[in-house]
Amino acid sequence: MAVPFIDLKRFEPGFLVAWQDKVAAMSANTAFMGGPEIERLETRLASASGVAHAITCANGTDALQLALRACGVGPGACVLLPDFTFWATYEAIVNVGASPVTVDINPADLQMDWELMRKACDLHRPAAIILVHLYGWGSERLLDFRQFCQERSIKLIEDGAQSFGTHYRGQSIYKGAQLSTVSFYPAKVLGGAGDGGAVLTDDADLASRIRTLANHGRASHYSYDLVGWNSRLDSLQAAYLNLCMDHIEARLSSRRLTADFYRSELSPPSIQPPEGYNSNAYLYACIHEPAGRERWIQAYQAAGIGYATTYPGSISEQAGAREHLKDRVGGEEAVRLSRMLLNPPLFPYMTDAERSEVVEVRP
Ligand SMILES: *Cc1c(COP(=O)(O)O)cnc(C)c1O
């Protein structure tokens with residue numbers, strides 16, 4: 001039996017019928033923009049995240065660009081980001097006209113390194129830092145990052161594309177952030193029927209700026225306070241996400257069950273979330289010597305088991321980084337780990353038989 005890396009088709013009983021009924025009713029009313037589904041989703045996102053405001057938008061990359069623009073980050077500004085993340089984090093900084101500086105990661109938690117971040121701040125006086133909550137958990141120094149940025153008036157944007165459902169010290173990881181972002185790309189933990197994203201914040205002024213920027217800078221229908229763009233989330237997309245929110249706890253529990261099983265049964269060593277985190281189990285992080293990883297990849301391939309190598313390279317070594325990268329503070333760990341990480345299958349409602357099959361593979 002083959003086990004895919006991810007299978008998004010394991011819908012709860014009745015889910016697809018409920019979705020088809022929604023599409024039929026909303027289509028009959030041409031309820032395609034704004035309206036109650038968007039409002040309900042934003043209310044639920046804010047409450048699940050312990051924040052005052054959730055603003056939905058077109059995707060997780062736009063969410064980062066909206067957050068940067070809303071706090072005035074643009075040409076001339078320097079922004080720090082971890083050297084190990086999805087490329088969109090880098091793109092968002094370049095797309096608003098700012099200059100990115102990569103900071104190496106801490107090999108213990110895979111997140112931006114605290115000491116190197118401070119060094120990068122001394123060297124570059126950044127206007128903002130994008131801290132990415134990679135793999136479904138966050139930094140062991142999360143609260144130190146927040147306090148440091150608060151004290152120095154540095155905007156701290158938390159890229160939470162991968163961390164919906166993650167808790168730190170008993171509360172949503174998004175709670176207490178200046179600004180954080182979510183992606184609803186289908187493979188993310190709260191995945192849509194297409195693209196989507198959101199920005200979360202407690203700050204009412206930032207929230208209102210973000211809402212304006214995401215809707216053409218509109219003050220009213222034909223008057224404009226800002227130059228924004230169209231980054232609205234479709235109402236159908238919001239309706240789908242509302243249906244997913246009804247099942248999010250069950251999906252998270254199922255993911256966590258698989259991660260716990262891997263932790264006790266998988267033979268290769270792994271990197272685990274730091275103390276205080278209840279991960280959403282977005283990805284499981286096995287770690288190998290590079291040659292060993294190749295042998296494990298071949299074993300998974302021979303057994304028909306899906307896998308991923310998230311991510312196979314660092315940000316600063318990408319060809320697309322050359323033109324815009326202002327500086328690279330460290331980066332050796334990001335490169336080293338990118339050759340060592342291997343992710344086994346992990347998605348909601350994996351069966352016991354599938355979990356067992358994965359842990360029985362040997363190179
Ligand atoms: C997925 C992802 C994004 C981008 O989200 P999209 O919705 O695909 O635009 C940004 N940052 C990280 C860390 C991601 O994993």
Checklist entry - With the calculation restricted to Cα positions, what are the radius of gyration and Dmax of the chain in angstrom? => result 20.4, 64
Checklist outcome for this item: Per residue, the convex hull enclosing the alpha carbons of the range 182-265 has a volume in Å³ of 125 Å³
Checklist outcome for this item: Mean Cβ-within-10 Å packing, highest first, puts peptides 208-217, 60-69 in the order 60-69, 208-217
Checklist entry - Do you know the relative contact order of the chain, to the nearest whole percent, from alpha carbon pairs under 8 angstrom that are 6+ apart? => result 24 percent
Checklist entry - Of Thr309, Thr43, which has the most accessible area with a 1.4 Å probe, and how do the rest follow in descending order? => result Thr43, Thr309
Item to check | Student exercise, the range 94-202 dipole from Lys, Arg, Asp, Glu Cβ charges, in Debye to nearest 20 | outcome: 200 debye
Checklist entry - Under a straight-distance cross-link criterion of Cα-Cα below 17 Å, which lysines are reachable from Lys175, leaving out those fewer than 8 residues away in the same chain? => result Lys155
Next on the checklist: Can you give me the C-alpha center-to-center distance between the range 337-358 and the range 238-292, rounded to a whole angstrom?
Outcome noted: 9 Å
Item to check | 1.4 Å probe accessible area per residue over the range 265-363, in Å² | outcome: 45 Å²
Checklist outcome for this item: Counting only protein heavy atoms and leaving out ligands, DNA and RNA, the solvent-accessible surface of Val189 at a 1.4 Å probe, in Å² to the nearest 10, equals 10 Å²
Item to check | Within the chain: Cβ-based charge dipole about Cα centre, in debye rounded to nearest 20 (Lys, Arg +1; Asp, Glu -1) | outcome: 320 debye
Checklist entry - Picking from Ser99, Ser172, Gln301, whose Cα lies most toward the positive end of the charge dipole for the chain (charges on Cβ: Lys, Arg +1; Asp, Glu -1)? => result Ser99
Checklist outcome for this item: For the range 235-278, the percent of accessible surface on carbon and sulfur atoms (probe 1.4 angstrom, ligands and nucleic acids excluded) is 48 percent
Checklist entry - When the helix-only estimate is applied to the chain (DSSP H runs of n ≥ 4, each -39,500 (n - 2.57), divided by the residue count), what is the mean residue ellipticity at 222 nm, nearest 500 deg cm²/dmol? => result -12000 deg cm²/dmol
Checklist entry - If you count the DSSP beta bridges with both ends in the chain, what percent of them are antiparallel, to the nearest 5? => result 55 percent
Item to check | Fraction of accessible area attributable to carbon and sulfur, the range 58-195 (%, probe 1.4 Å) | outcome: 44 percent
Checklist entry - Dipole of the chain (Lys/Arg Cβ +1, Asp/Glu Cβ -1, origin at the Cα centre): which of Gly217, Trp87, Ile55 lies farthest to the positive side? => result Gly217
Checklist entry - Which aspartates and glutamates, on any chain, are close to Lys119 with Cα under 17 Å apart, when same-chain ones fewer than 8 places away are left out? => result Asp83, Asp104, Asp144, Glu151, Asp327, Glu332, Glu333
Next on the checklist: Can you sort Ser254, Ser264 by solvent-accessible area, 1.4 Å probe, largest first?
Outcome noted: Ser264, Ser254
Item to check | Segment Phe5-Val227, length gained on full extension (0.36 nm per residue, minus Cα span) | outcome: 75.8 nm
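The values are calculated or read from the model by the stated rules, or taken from the named source; none is laboratory data. Remember, it's a predicted structure, so these values are computed and weren't measured experimentally. Virtual Cβ from ideal backbone geometry, glycine too; neighbours counted across all protein chains shown. Accessible surface is based on the protein model in full, side chains and every heavy atom, while ligands, DNA and RNA are left aside. Shrake-Rupley method; radii C 1.70, N 1.55, O 1.52, S 1.80 Å.
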